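As structure tokens, the structure follows; a few thoughts come after it.
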Amino acid sequence: MIPLAVLLLAACASDTVKVKVTDDVINHDYIGNGAEWDPYDEAISWGCDLSQEDWDVLTARVDVMGMGYVRCMINSRYLYWDAAGNAYDRDRNIEKLCRILQYCQDNEITVIYGEFNPPSPSMKDSERWVEMSVDYLNHLVNDLDFDCIKHFVIFNEPDGDWATTDGDLDLWISMARLFDAQMASYPGLKEKVSLAAPDVVVHWVHPRTGLAAADWISRTAEEIDDIVGIYDIHAYPGQAEVRDGSYAEKLRKLRSLVPEGKKMILGEAGFKYENPEDSLLLKENLRRADEHPYAGGLDSNMMVYDCFYGLDMSLLAMDVMNSGLSGMAVWMLDDAAHSVGDTGIPQNIKVWGFWNILGKEVFGSETEEEVRPWFHAWTLMCRYFPAGCDILSIECGPAEELRMCAAVKDGRYTFAAVNWSDRERRLEVELPAEIRQGRSYVYEEDNLAYGPDGLPAIHEDQLEGNRVSLISPARSLIVLTDME
């Protein structure tokens, strides 16, 4: 065994940061990190459903990720709603949804399930939709035994002018009450599943109503908190506001609006470059999307091909954990899930994922099926900040362009740091207790190796003790852990 105190990992760190991970829990019983994994609703309309080989590749990859939380949303018109026959058919095209839910069930992954919108805009206040939707939920949970589903979303981003609700908060609250009452009519359903709400977007202010995410959260807490099981919001920040720390303050303010005893998560998370300080990134994103044969313009993030996107996602996750939120699902696991507007047009899809599992079959590009760099970083943030861990406070000296997070579960620890500066940093880390058979991992552009088990390759292993000197390379994520 190598004592941590005598590890000399490099000889030329440009500066040193002393870090003390305390035993003070700042965020208890974390739900976990994961991804949005939707059931490939449009694949059939593209003329190519997923093969068994595709499913084998998918499950092998998500085995590596070790997700604690999955958001799974359906488009009912591709599933239980047969528009041609104006009919409800709960077994229609259900197979892919069941495969995803079965995986989550088998691997004890918390699922927040829901519907993007009603089958048609005319049903936005329809009791018929409520009856069909809840019957379908009950079919999944009680008939098919997918009790991995813990929470239910009734409208995706109802605050938006793109949503069926068009930002009508009163309508949404009335529908939430209808859904809850309908759920109560099925024996045992409400004991297993509660509403996730309000599912609104952090940066958005509706141009007609003037309402922002804080308004939706406050009204939800004041009027229907008794039927809400978990509060969820969506976050699509810019790079600069995450790196300068201002976005973390936004998250803390929104978290403070949640009633005591309730948790809040990021139901969806990704990066958009709409702020002036990110204008160069936006320009590059649009250039790449224009040149891509099937990317959907503004509704794609072409930086998923770049190593830095993994750093930024890790930074956002650290803000989530350190700000008291309880989970984060990145948008999106797989490009093969959605076209823009869910129109079924394969030449206009949302490029946001770790890969495109139908790259060869539908899009004529086998390389699109390959794992992209940020999968490496997000795997570390999922596996080593697992469901049920407690987030710990950290004390440190000046740490410009450096962010950290730490967790404990069952007496085992994880410490992670993102260094987005152009210089190497030495981290002198003190832990609350000795780690056992610890390992370190490094994610950086020229260090994306995987081991024979498919996991990110170990940088250093057999680490023991409660003090370690680590070198954090420029533009890197480093993770120290003795968790399994």
TODO: List every residue pair whose Cβ atoms lie under 6 Å apart, where the two residues are 6 or more positions apart in sequence or sit on different chains, the first residue falls within the stretch 440-462 and is exposed (fewer than 14 other Cβ atoms within 10 Å of the Cβ), and the second residue, located anywhere, is modelled with pLDDT under 95.
DONE: 449/457; 451/457; 462/1; 462/2
TODO: Could you grab me the full set of residues in the stretch 258-294 that are closer than 26 Å to residue 27 by Cβ, of a type outside the set (Asp, Glu) and touching a strand residue (DSSP E or B) at 6+ places or on another chain (Cβ under 8 Å)?
DONE: 258, 262, 263, 264, 265, 266, 267, 269, 270
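Considering only the stretch 240-278, state which residues are of a type in the set (Gly, Ala, Ser), in contact with a Gly (Cβ under 9 Å, 6 or more places away or on another chain) and either open to solvent by 30 Å² or more (accessible area, probe 1.4 Å) or at positive phi (or both). Give the derivation first.
Within the stretch 240-278, the subset of a type in the set (Gly, Ala, Ser) is 240, 245-246, 248, 256, 261, 267, 269-270.
Applying the additional criterion that residues be in contact with a Gly (Cβ under 9 Å, 6 or more places away or on another chain) yields 256, 267.
Scanning the stretch 240-278 gives a single hit, 256.
Does residue 99 satisfy being open to solvent by 60 Å² or more (accessible area, probe 1.4 Å), outside any loop (DSSP other than H, G, I, E, B), over 18 Å from residue 76 (Cα atoms) and in contact (Cβ under 8 Å) with a residue 40 or more places away in the chain? Step through it out loud before you land on a result.
Working: open to solvent by 60 Å² or more (accessible area, probe 1.4 Å): yes; outside any loop (DSSP other than H, G, I, E, B): yes; over 18 Å from residue 76 (Cα atoms): no; in contact (Cβ under 8 Å) with a residue 40 or more places away in the chain: yes.
No: the conditions fail for residue 99.
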Task: Any hit, the stretch 323-336, residues being in contact with an Asp or Glu (Cβ under 9 Å, 6 or more places away or on another chain), part of a helix (DSSP H, G or I) and under 28 Å from residue 117 (Cα atoms) - done: yes
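To keep it simple, each residue is scored yes or no on (1) within 27 Å of residue 42 (Cα to Cα); (2) surrounded by fewer than 23 Cβ atoms within 10 Å (Cβ to Cβ).
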| site | (1), (2) |
| --- | --- |
| 308 | no, yes |
| 326 | no, no |
| 330 | yes, no |
| 335 | yes, no |
| 342 | yes, yes |
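Results for (1) out of contact with any Asp or Glu (no Cβ under 6 Å at 6 or more places or on another chain); (2) of a type in the set (Ser, Thr, Tyr); (3) not in a loop (DSSP other than H, G, I, E, B), shown as yes or no for each residue.
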| position | (1), (2), (3) |
| --- | --- |
| 137 | yes, no, yes |
| 151 | yes, no, yes |
| 160 | yes, no, no |
| 163 | no, no, no |
| 170 | yes, no, yes |
| 179 | yes, no, yes |
| 182 | yes, no, yes |
| 187 | yes, no, no |
Task: Verdict on residue 385 being in a loop (DSSP other than H, G, I, E, B), in contact (Cβ under 8 Å) with a residue 40 or more places away in the chain and surrounded by 24 or more Cβ atoms within 10 Å (Cβ to Cβ) - done: yes
- [ ] Spot the failing condition for residue 376; the list is (1) touching a Pro at 6+ places or on another chain (Cβ under 7 Å); (2) open to solvent by 30 Å² or more (accessible area, probe 1.4 Å), and only one is missed.
- [x] (2)
- [ ] Starting from the stretch 284-311, take each residue that is on the phi > 0 side of the Ramachandran plot and list its partners that are charged (D, E, K, R) and surrounded by fewer than 17 Cβ atoms within 10 Å (Cβ to Cβ), counting only C-beta distances under 8 angstrom and pairs at least six apart or across chains.
- [x] 297/290
TODO: Looking only at the stretch 337-364, count how many residues are part of a loop (DSSP other than H, G, I, E, B), of a type in the set (Gly, Ala, Ser) and either closer than 25 Å to residue 312 by Cβ or in contact with a Leu (Cβ under 7 Å, 6 or more places away or on another chain) (or both).
DONE: 2
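Looking at this structure, is residue 398 open to solvent by 30 Å² or more (accessible area, probe 1.4 Å), within 18 Å of residue 314 (Cα to Cα), in contact (Cβ under 8 Å) with a residue 60 or more places away in the chain and not small (Gly, Ala, Ser)? Walk me through how you get there before you give the answer.
Working: open to solvent by 30 Å² or more (accessible area, probe 1.4 Å): yes; within 18 Å of residue 314 (Cα to Cα): no; in contact (Cβ under 8 Å) with a residue 60 or more places away in the chain: yes; not small (Gly, Ala, Ser): yes.
Considered against the rule, which asks whether it is open to solvent by 30 Å² or more (accessible area, probe 1.4 Å), within 18 Å of residue 314 (Cα to Cα), in contact (Cβ under 8 Å) with a residue 60 or more places away in the chain and not small (Gly, Ala, Ser), residue 398 comes out as no.
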Open item on the list: For the stretch 35-45, check the following and say yes or no: at least one residue is within 30 Å of residue 399 (Cβ to Cβ) and buried (at least 20 other Cβ atoms within 10 Å of the Cβ).
Closed with: yes
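Which count do you get for residues in the stretch 102-122 that are of a type outside the set (Ser, Thr, Tyr) and open to solvent by 50 Å² or more (accessible area, probe 1.4 Å)? Give the steps one after another, and end with the answer.
Taking the stretch 102-122 as the starting set, the residues that turn out to be of a type outside the set (Ser, Thr, Tyr) are 102, 104-109, 111-112, 114-119, 121.
Still in the list and also open to solvent by 50 Å² or more (accessible area, probe 1.4 Å): 102, 105-108, 121.
So the answer is 6.
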Task: Conditions (1) over 16 Å from residue 411 (Cα atoms); (2) surrounded by fewer than 16 Cβ atoms within 10 Å (Cβ to Cβ); (3) without any contact (Cβ under 8 Å) to a residue 40 or more places away in the chain: number failed by residue 434 - done: (1)
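Taking residue 174 as the residue in question, decide whether it is under 24 Å from the mean Cα position of the chain (by Cα), touching a residue at least 40 places away in the same chain (Cβ under 8 Å) and closer than 26 Å to residue 256 by Cα.
On the way: under 24 Å from the mean Cα position of the chain (by Cα): no; touching a residue at least 40 places away in the same chain (Cβ under 8 Å): yes; closer than 26 Å to residue 256 by Cα: yes.
The answer is no for residue 174.
Return yes or no: is residue 317 over 16 Å from residue 301 (Cβ atoms), in contact (Cβ under 8 Å) with a residue 12 or more places away in the chain and either open to solvent by less than 10 Å² (accessible area, probe 1.4 Å) or in contact with a strand residue (DSSP E or B) (Cβ under 7 Å, 6 or more places away or on another chain) (or both)?
Numbers: over 16 Å from residue 301 (Cβ atoms): yes; in contact (Cβ under 8 Å) with a residue 12 or more places away in the chain: yes; either open to solvent by less than 10 Å² (accessible area, probe 1.4 Å) or in contact with a strand residue (DSSP E or B) (Cβ under 7 Å, 6 or more places away or on another chain) (or both): yes.
Criteria met by residue 317.
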- [ ] Report whether or not residue 417 is under 21 Å from the mean Cα position of the chain (by Cα) and farther than 20 Å from residue 31 by Cβ.
- [x] yes
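I'm trying to understand the selection: among the residues of the stretch 145-172, which are among the β-branched types (Val, Ile, Thr), more than 25 Å from residue 31 (Cβ to Cβ) and open to solvent by less than 10 Å² (accessible area, probe 1.4 Å)?
165
Of these, 63, 91, 125, which one is open to solvent by 20 Å² or more (accessible area, probe 1.4 Å) and part of a helix (DSSP H, G or I)?
63
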TODO: Report whether or not residue 42 is of a type outside the set (A, V, I, L, M), at negative phi and at pLDDT below 95.
DONE: yes
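The values are calculated or read from the model by the stated rules, or taken from the named source; none is laboratory data. None of the values given here were measured: they were computed from a predicted structure. With ideal geometry, Cβ positions are generated from the backbone for all residues, glycine too; neighbour counts draw on all protein chains shown. Heavy atoms of the whole protein, side chains included, go into the accessibility calculation; ligands, DNA and RNA do not. Shrake-Rupley method; radii C 1.70, N 1.55, O 1.52, S 1.80 Å.
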